[in-house]
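What follows draws every value from the coordinates through simple rules; no lab data is involved. This structure is a prediction, so every number in the text was calculated from the model and none was measured. Here the Cβ positions follow ideal geometry from the backbone for every residue, glycine too, while neighbour counts run over all protein chains shown.
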Amino acid sequence: MSLAASTISALRQRLASKEITPRDIVTDVAKAIEAQNATIGAYLSWDVEKALAEADKADLSQPLGGIPIGIKDNINVTGEPCTCGSKMLAENYKAPYDAGAITKLRGAGAVPFGRLNMDEFAMGSSTENSALGVTRNPRDLDRIPGGSSGGSAAAVAGNLAIATLGSDTGGSIRQPAAFCGCVGIKPTYGRVSRYGLVAFASSLDQIGPITKTVEDAAILLNHLCGKDLRDSTSLDVNVPDFTSGLGRDIKGLRVGLPKEYFISGIHAGVSARVNDAIKKLESLGAIPVEISLPHTDVGVSTYYIIAPAEASANLARFDGVRYGHRSSDAKDLMEHYMMSREEGFGPEVKRRILLGTYVLSSGYYDAYYIKAQRARTLIRQDFEKAFENVDVIVSPTSPAPAHKFGELKEDPLAAYLEDIFTIPVNLAGLPGISIPCGTAEEGGKQLPVGLQIIGRPLDEVTLLRVADAFEKA
Amino acid sequence: MPSPQIDIHHVAKLARLALTEEEAAHYQQQLTRILGHIDQLSSYTLDAEPSAHAMPIFDVIRPDQDRPGFEQNEALSNAPRRAMDQFQIPKVIE
């Protein structure tokens with residue numbers, strides 16, 4: 001097996017026994033990228049020389065010493081591009097600093113390597129909204145990889161990376177992980193510093209790993225979390241060893257099944273695999289418990305008020321003055337703003353900026369934004385009540401497997417409604433993981449299905465314990 | 001709430017986006033449809049305090065101490081146009 005197809009845990013052992021070097025790993029990953037990226041399109045750019053130089057200096061005594069990690073192209077790494085999949089930042093932006101999560105990774109010895117494609121400014125669920133290239137699902141090249149972290153998931157699934165970082169605002173780690181058949185975890189809001197993650201919706205965004213195994217997700221998470229003074233929303237709480245629950249049984253754990261999530265309209269194959277997964281968890285000793293999350297049906301509406309509202313404010317910084325695209329035709333300052341933004345942003349970003357501006361505009365703020373914030377409280381309270389009686393909650397990650405290219409492109413509302421199971425987790429700030437649970441047939445192809453497991457705030461250990469038990473059974 | 005009538009030209013100006021006429025018509029239609037769905041919220045009694053974020057932390061302060069920041073050149077390094085070690089913008093005063 002090629003090194004690029006391997007896992008963090010396996011490579012660490014081989015590095016420790018001096019069987020391989022970090023240079024071997026970077027070289028092998030680079031070889032895989034060069035051979036396959038033209039087909040899969042996971043990476044937008046990669047700098048082999050820089051990664052090799054860092055690999056040669058890697059401290060092998062560190063827990064991630066010499067392991068290359070692919071980075072979603074909205075997380076700043078000093079001296080590298082950070083395009084956010086947008087023309088706005090594609091021309092000449094080079095990151096002048098490391099994001100908080102990158103500082104943590106480097107502290108553990110990892111080597112950031114390669115910039116991964118994404119929906120523009122993380123807005124989308126297919127990576128079709130990238131202005132800079134197409135990413136294909138390695139499991140079926142005619143289909144989308146999911147999104148917005150589509151490059152991050154496709155790189156892991158296609159063995160073009162050992163592991164990657166993504167970001168998740170409404171499902172953007174979990175859904176592409178599900179579509180590509182890998183593991184993706186969105187930590188509790190505040191676990192990982194957002195400093196240096198280009199902001200989409202600040203109250204929802206969270207960085208997390210996409211990996212081949214649950215163990216790798218736990219290992220990587222161990223070196224991403226912790227308080228960062230540069231992000232006032234990062235939590236000053238104890239960071240446990242996220243691997244501590246791995247290998248333990250799940251006898252007696254109570255698994256919540258939200259009755260509102262198991263509804264008609266879910267793809268039959270997805271439904272069947274998730275029901276199989278529940279039976280498997282039961283056979284491992286877990287106790288299924290029906291629960292209710294009564295405000296599920298307002299989740300998507302709530303999200304598509306709050307996220308665009310925050311995005312419209314966050315993306316106001318792209319004014320063509322300090323960084324990013326600048327129109328060459330503007331005659332005055334107002335024209336400079338309006339044309340730089342018109343030329344730099346793509347259709348989905350404009351759509352969400354307009355929506356967000358509208359819901360925050362005079363006369364509509366109370367009707368939309370405040371109302372959505374009230375709904376958000378109720379959604380969080382639904383989970384709080386449910387978690388009085390269960391340890392984790394399971395659901396499909398997405399109601400359908402990966403679509404073909406273009407299927408939802410002209411119908412943004414239909415695309416938004418597919419985020420129904422992942423969005424409430426962001427609104428409530430909870431940790432959620434997607435793990436592979438088999439395949440469903442669609443158009444004559446067997447496509448990966450993701451099982452989502454949702455945990456109590458800060459209880460990633462239990463989440464990973466259940467995911468690991470399921471994966472190994 | 002009545003069916004939303006979005007004045008796309010007004011909103012685009014607030015958002016500082018110089019939409020083409022074609023884009024304006026397209027977004028007007030799409031956003032009306034999305035807002036039509038979002039309006040379902042108005043049929044609910046949402047009896048709860050609004051929350052701006054999920055975690056109950058407020059008023060975070062840090063020690064009032066110097067921290068390293070960008071040198072001038074680093075801060076200007078991504079400027080699309082610069083002049084005299086400053087960001088350059090179109091003339092605002094005649």
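Label positions at residue A:404 and residue A:141, each projected 7 Å from the Cα along the C-beta direction, are separated by 1.7 nm.
Shielding of peptide A:356-367 by partners, expressed as the average count of other chain Cβ atoms within 10 Å per residue Cβ, is 4.
Can you give the log10 of the normalised intensity I(q)/I(0) at q = 0.06, 0.07, 0.11, 0.13 Å⁻¹, computed with Debye over equal Cα scatterers of chain A? Debye output, listed in q order: -0.23, -0.32, -0.82, -1.17.
Sites listed here are GluC sites (Glu not before Pro) in region B:1-87 whose DSSP assignment is loop and whose Cβ has at most 13 other Cβ atoms within 10 Å: B:71.
Between the beta carbons of residue B:86 and residue A:53, assuming R0 = 30 Å, the FRET efficiency works out to 0.30 to the nearest 0.05. Only Cα pairs under 8 Å and 6+ residues apart enter the sum, and on that basis the relative contact order of region A:1-156 stands at 23 percent.
Counting other Cβ atoms within 10 Å as a rough exposure proxy, the listed residues A:334, A:123 run A:334, A:123 from fewest neighbours to most. Taking a ≥ b ≥ c as the square roots of the eigenvalues of the alpha-carbon gyration tensor, region A:89-241 is classed prolate because a/c is 1.5 or more and a/b outweighs b/c.
For the segment A:226-233, counting C-beta atoms of other chains within 10 Å of every residue's C-beta and taking the mean gives 2. Where only DSSP H runs of four or more residues are counted, chain B gives -9500 deg cm²/dmol as its mean residue ellipticity at 222 nm, each run worth -39500 (n - 2.57).
Summarising the strand pairing of chain A, around 70 percent of its internal DSSP beta bridges are antiparallel.
If you take the charge dipole of region A:368-473 about its Cα centre, with +1 on Lys and Arg Cβ and -1 on Asp and Glu Cβ, which of A:436, A:392, A:405 is farthest toward its positive end? So the residue we want is A:392. What chymotrypsin sites (Phe, Trp or Tyr not before Pro) does region B:1-92 have in DSSP loop regions with at most 15 other beta carbons within 10 Å? Taking region B:1-92 and a limit of 15 other Cβ atoms within 10 Å, the loop chymotrypsin sites (Phe, Trp or Tyr not before Pro) found are B:44, B:58, B:70.
Estimated from helices alone, the mean residue ellipticity of chain A at 222 nm is -11000 deg cm²/dmol (sum of -39500 (n - 2.57) over DSSP H runs with n ≥ 4, per residue). Along the axis of the charge dipole computed for chain A (Cβ charges of +1 for Lys and Arg, -1 for Asp and Glu, origin at the Cα centre), the listed residues A:196, A:238, A:330 are led at the positive end by A:238. Neighbour counts of C-beta atoms inside 10 Å place A:410, A:120 in the sequence A:410, A:120, starting with the fewest.
For the pair residue B:72 and residue A:92, label points projected 7 Å from Cα toward Cβ lie 1.9 nm apart.
Take region A:315-387, compute every pairwise Cα distance, and split them into 10 Å bins from 0; I just need the percent in each bin. Going out from 0 Å in 10 Å bins, region A:315-387 shows 17, 30, 25, 18, 8, 2 percent.
Within 10 Å of the Cβ of each residue in B:24-34, the mean number of Cβ atoms contributed by other protein chains is 3. Peptides A:152-161, B:11-20 ranked from most to least packed by the mean count of surrounding Cβ atoms within 10 Å: A:152-161, B:11-20. Distance between the 7 Å Cα→Cβ label points at residue B:48 and residue A:275: 3.1 nm. Using Cα atoms only, what is the angle between the long axis of helix B:21-38 and the major principal axis of chain B, expressed in degrees (0 to 90) to the nearest 10? Computed tilt is about 60 degrees.
Dipole of the protein assembly as shown computed with +1 at Lys/Arg Cβ and -1 at Asp/Glu Cβ about the Cα centre; of B:68, A:264, A:53, farthest Cα towards the positive end is A:53. Tell me, how many Å apart are the Cα centres for region B:1-60 and for region A:359-428? Spelled out, the Cα-based centre of one part sits 15 Å from the other.
Relative to the Cα centre, the charge distribution of region A:230-354, modelled as +1 at Lys and Arg Cβ and -1 at Asp and Glu Cβ, gives a dipole magnitude of about 280 debye.
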